[in-house]
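The values are calculated or read from the model by the stated rules, or taken from the named source; none is laboratory data. The shown structure was predicted, so the numbers you read here are calculated from the model rather than taken from an experiment. When we count neighbours, we look across all protein chains shown, and the Cβ atoms used for this are built from the backbone with ideal geometry, even at glycine. Only protein heavy atoms, including side chains, enter the accessible area calculation; ligands, DNA and RNA are left aside. Shrake-Rupley method; radii C 1.70, N 1.55, O 1.52, S 1.80 Å.
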Amino acid sequence: MPTPSPATAHQTDPPHAVRALLLDLDDTLIDDRKAMAAAVLLLRAQLGLAPSEDNDGVAARWDSIGRALWGRCAAGEISFAEQRRVRLRETFGIALADREADALFDEYLRFYALHWELFPGATEFLAATAHLPRVLVTNGHRAQVNKKLQTLGLAGHFQFVVTPDDCGAKKPDPRIFLRALELLGVAPQHAMMLGDNAVSDIAPAAALGMQVFHVDHRVQGQSIADGIRHAVASHY
């Protein structure tokens, strides 16, 4: 019996079979919270900032301020460079000229890159879903995203990478998801989005008709490894 062509095989798929995956990067595949915390504490120790505070308090403030500013950046309320400067000023309560803040953030980024690591289960997820085309959809800057992919050996696992630098839109703007779907050549109902952010990843993907899996490594049953059964089961 002749092997069916991809087009013929797709005609016999279940109505909502997953044919391709869209994945977020930070806090989905990479433990970004851990890397950010380690980096900001090294920066603090090097410069003697906030000496009376404990490590957990500084790391938590850096994280919460950063996520709030990242949301404003995605909404176009603040520039990428400015959110970095504000994050430093507000976290440590210090006055910094733009040039000083930029230099300080470059030092933070150096520490940050030293602590990138994959979540447990990320490698297993990529192996188990290797039969599905994948596109990385991230709000990170293309240069840093490429560096992360190369450093962690992820570059070969994605057919495409879509960032705001590539399409002019940031998540949760639907245009970045639509660009990913266009590259993959699949309709929304035949794609699954996996990401950690309910607002930026999950809600907009679901609104477009995609299947979704909300990754939260702090919640049992919601790790990237748990996403395997959802992505693979939905393929058949």
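The H on the amide N of residue 134, modeled in the peptide plane, is under 5 Å from the matching H of 21, 159, 160, each at least 5 residues off or on a different chain. With the crude spin-label approximation of a point 7 Å out along Cα→Cβ, what separation in nm comes out for residue 144 versus residue 117? The two pseudo-label positions are separated by 2.1 nm. Given the -39500 (n - 2.57) contribution per DSSP H run of 4+ residues, what per-residue ellipticity at 222 nm results for the chain, rounded to the nearest 500 deg cm²/dmol? One gets -14500 deg cm²/dmol as the mean residue ellipticity at 222 nm.
If every alpha-carbon in segment 110-223 counts as one equal scatterer, what log10 I(q)/I(0) does Debye give at q = 0.24 1/Å? The computed values of log10 I(q)/I(0) come out as -1.67.
Averaged per residue, the chain has 48 square angstrom of accessible surface, using a 1.4 angstrom probe with ligands and nucleic acids left out. Only the Cβ atoms of Lys and Arg (+1) and of Asp and Glu (-1) were treated as charged; on that basis the dipole of the chain about its Cα centre amounts to roughly 300 debye.
Any idea what angle helix 98-113 forms with the longest principal axis of the chain, computed on alpha-carbon atoms, 0 to 90 degrees, nearest 10? Taking Cα atoms only, the helix is inclined about 50 degrees. A probe of 1.4 angstrom, applied to the heavy atoms of all protein chains, finds residue 34 with accessible area near 110 square angstrom. Here are labelled values, (1) 73, 32, 28; (2) 97, 35, 35; (3) 114, 37, 24, and one is the computed Cα extents along the principal axes in Å for what I pasted. Which one? This structure yields the entry labelled (1). Axis angle, to the nearest 10 degrees, between helix 32-47 and the longest C-alpha principal axis of the chain: 20 degrees.
In the chain, taking the dipole from charged Cβ atoms about the Cα centre, the farthest positive-side position among 75, 168, 195 is held by 168. Using Cα atoms only, what is the angle between the long axis of helix 174-184 and the major principal axis of the chain, expressed in degrees (0 to 90) to the nearest 10? Tilt relative to the chain: about 50 degrees. Short-range pairs are left out: with C-alpha atoms under 8 Å and at least six residues apart, the relative contact order of the chain is 28 percent. Coupling constants for segment 125-132 follow from the phi torsions by the Karplus curve (6.51 cos²θ - 1.76 cosθ + 1.60, θ = phi - 60°), and in residue order they are 4, 5, 5, 6, 10, 5, 6, 9 Hz; glycine and proline get x. Using a 1.4 Å probe over the heavy atoms of the protein chains, calculate the carbon and sulfur portion of the accessible area of the chain as a whole percent. The computed percentage sits at 55.
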